[in-house]
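Below is one structure, written out as structure tokens, with a few remarks after it.
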Amino acid sequence: MTTALRQTIFSGIQPSGTVHLGNDLGAIRNYVRLQESHDAIYCIVDFHALTSTHDAGLLRSRTREMAASLLALGLDPDRCTLFVQSHRPEHTELAWLLATVTPVSWLERTPTYKEKKQNQPDDINHGLLTYPVLQAADIVIYKATQVPVGRDQAAHLELSREIVRAFNNRYGDTFPEPEAVYTDAPVVLGTDGVKKMSKSVGNTIDIFGSPELVRKQVMSMVTDTQRILRTDPGRPEVCNVCQLQRFFGDDYEDLWDGERTARTGCVDMKRLLADRIVAHYAPARERYDDLMAHPGRIDDILAAGAERLRPRAAATMDDVRERMGLR
Ligand code: TYM
């Protein structure tokens, strides 16, 4: 099928350090799957990262690391377009235009804004507030209709839809309303078993970390808190380790049975999970190391991706400027 006949999907990921298991199970697996059937555009959102990261060198290296991670996990530049947000500056122009149809009250009630205000009270910059407007611009500039994300992005996606409706009402039918696409693990809990896995919480399993680090992180996981003694029956439905087993082998029902009958203990289950995660990501880890040893290759892929999108971004901006009276 040619690109023109395929539905366009878009997703973005922050260059916030290495990829964790929540990113992969919650979103990246869908990026990889959907590149086969869709006109797939994936973006490393460095403009967004600037709302929290102010170290130029760090941002630059993390951007490249994120690109290497995504390519290592299976994004194929022949099947999708991978690029860096700041390499297509039209995103910020469109964000400004969309900001003029977006009431401030919509932004102030966004859960991620409220969270960030608490997490970084000394740095409540304007970018944090307007963050979802830029996210809407990212998606609609390519008229994407579907957005593979984890459930934590649901409020942002809803806001994107509201912004599209507000724009279309004022200036005529311009953008489609984008919809979220979830995997079967839309919320992956962190090693604490309570909060969403997230770098800022510090409860991640870093899939490109050394095998020792991954083992340490998995062994630190909180399991079923009501299972005190080794002989107590376990409850796989509430145990985060058991939940993750579902994604690393077909035998999870047997494993769960072992837990319910106390044939196995939590430590056995963690050891097995750690081994499986390390083995599962070993080939990707090798590809990652190889890519990072050839940064020129990564940079070429990113430059080509941004260049490929130039005419599409320009066409949308021409249309939008015309509709808004900017000519
Ligand atoms: P970010 O960088 O925080 O996360 C990238 C993707 O990983 C998913 N994810 C998770 N899924 C399940 N369980 C978890 N514990 C977990 N942690 C992260 C996220 O849902 C996301 O899909 N605002 C976005 C970036 C963005 C964007 C966009 C996304 C900017 N523009 C346009 C979609 C479309 C973010 O910060 O994702």
Item to check | the stretch 96-150, residues that are near the ligand (Cβ under 10 Å from one of its atoms), within 16 Å of residue 86 (Cα to Cα) and among the hydroxyl-bearing types (Ser, Thr, Tyr) | outcome: 131
Checklist entry - Looking at the stretch 157-188, which of its residues are assigned to a helix (DSSP H, G or I) and within 19 Å of the chain's Cα centre (by Cα)? => result 157, 158, 159, 160, 161
Next on the checklist: Could you check the stretch 244-257 and list, in sequence order, the residues that are assigned to a helix (DSSP H, G or I) and buried (at least 18 other Cβ atoms within 10 Å of the Cβ)?
Outcome noted: 244, 245, 255, 256
Item to check | Complete set of residues in the stretch 258-303 that are more than 23 Å from residue 207 (Cα to Cα), more than 22 Å from the chain's Cα centre (by Cα), in contact (Cβ under 8 Å) with a residue 24 or more places away in the chain and assigned to a helix (DSSP H, G or I) | outcome: 259, 260
Item to check | Residues (without any contact (Cβ under 8 Å) to a residue 60 or more places away in the chain and polar (S, T, N, Q)) located in the stretch 170-206 | outcome: 191, 203
Checklist entry - Looking only at residues in the stretch 105-118 that are over 23 Å from residue 186 (Cα atoms) and of a type outside the set (Phe, Trp, Tyr), which one is surrounded by the most Cβ atoms within 10 Å (Cβ to Cβ)? => result 107
Item to check | Considering residues of the stretch 16-44 that are part of a loop (DSSP other than H, G, I, E, B) and more than 10 Å from the chain's Cα centre (by Cα) only, the residue nearest to the ligand (Cβ to nearest atom) | outcome: 16
Checklist entry - Taking residue 84, is it closer than 23 Å to residue 136 by Cα, surrounded by fewer than 22 Cβ atoms within 10 Å (Cβ to Cβ) and within 14 Å of the ligand (Cβ to nearest atom)? => result yes
Next on the checklist: Among the residues that make up the stretch 192-199, is at least one of them closer than 22 Å to residue 282 by Cβ, surrounded by 15 or more Cβ atoms within 10 Å (Cβ to Cβ), within 24 Å of the chain's Cα centre (by Cα) and within 15 Å of the ligand (Cβ to nearest atom)?
Outcome noted: yes
Item to check | Complete set of residues in the stretch 226-243 that are more than 20 Å from residue 203 (Cβ to Cβ) and either loosely packed, with under 15 Cβ neighbours inside 10 Å or β-branched (Val, Ile, Thr) (or both) | outcome: 226, 228, 229, 230, 231, 232, 233, 237
Checklist outcome for this item: Of 155, 166, the only residue that is touching a Leu at 6+ places or on another chain (Cβ under 9 Å), small (Gly, Ala, Ser), touching a residue at least 40 places away in the same chain (Cβ under 8 Å) and more than 9 Å from the ligand (Cβ to nearest atom) is 166
Checklist outcome for this item: Of 97, 5, the only residue that is under 28 Å from residue 168 (Cα atoms), buried (at least 17 other Cβ atoms within 10 Å of the Cβ) and over 14 Å from the mean Cα position of the chain (by Cα) is 97
Checklist entry - Which residues, taken from the stretch 122-142, are without any contact (Cβ under 8 Å) to a residue 24 or more places away in the chain and of a type in the set (Asp, Glu)? => result 122
Next on the checklist: Could you check the stretch 62-115 and list, in sequence order, the residues that are in a strand (DSSP E or B), aliphatic (A, V, I, L, M) and under 15 Å from residue 48 (Cα atoms)?
Outcome noted: 84
Checklist entry - Mind checking whether some residue in the stretch 45-53 is under 17 Å from residue 302 (Cβ atoms), more than 9 Å from the ligand (Cβ to nearest atom) and surrounded by fewer than 22 Cβ atoms within 10 Å (Cβ to Cβ)? => result yes
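Every read-out reported here was derived from the displayed coordinates using simple, explicitly stated rules and does not represent laboratory data. Source: prediction; values computed, not measured. Neighbour counts are summed over all protein chains in view; Cβ atoms, including those assigned to glycine, are modelled from backbone coordinates with ideal geometry.
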